[in-house]
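> Sharing a structure with you now.
Please treat every number below as a calculation from the coordinates, not as lab data. Quantities reported herein were computed from a predicted structural model and do not represent experimental measurements. All Cβ positions, glycine included, derive from the backbone under ideal geometry; neighbour counts span all protein chains shown.
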């Protein structure tokens, strides 16, 4: 009886070994399997506005708790410190706080960022040799992103899961086959 079981078990073992060794060869479009290290997931970019004049470059970034404004010299790209930077939104004039190295901030709650639309804004910059007004549309504040929306979700089942499932099916079939043969003897 033992000799009768050796052939099916050997055949099943060969099939399983073949599936296990071929598993790394299967890759779906856009993916390769190997020793590569996966790149870190990119975080969603914060809403931003970029403006420039012949003297200055300004980038305003809507962070979760504040509007961060970066001001650089247009010709040299050097950060401009010591400026008085103000925002005019509608009839409201808002002062910024210097945060170092050409960076100025305004708490987001001061901007009245309740709406989901862009706000017309004027940036007023005053300092040594600089008297600029830059107009643009300040993008709406992004809501805190839902972790599920930003998580990479691959709808195709993992190859490991497929191979494991095939292995379990073959193993279950082998157990059933052995029990049937034992019951006949």
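> What is the distance, in nm, between label points placed 7 Å from the Cα along the Cα-to-Cβ direction at residue 180 and at residue 88?
8.7
> Can you give the FRET efficiency to the nearest 0.05 for residue 97 and residue 45, using r as the Cβ-Cβ distance and R₀ = 25 Å?
Values: r = 24 Å, r/R0 = 0.94.
About 0.60, to the nearest 0.05.
> Another one. Between the range 80-141 and the range 49-69, what is the C-alpha centre distance in whole Å?
When both Cα centres are located, 8 Å separates them.
> Please check which bits of the range 81-98 a label hung off residue 118 would reach, taking the label as a point 7 Å along Cα-to-C-beta and the cut-off as backbone N under 17 Å.
Answer for the range 81-98: 88-90.
> Turning to a different aspect of this structure: If you bin every alpha carbon distance in the range 48-138 into 5 Å steps from zero, what whole percent lands in each bin?
3, 14, 28, 29, 16, 7, 2, 0
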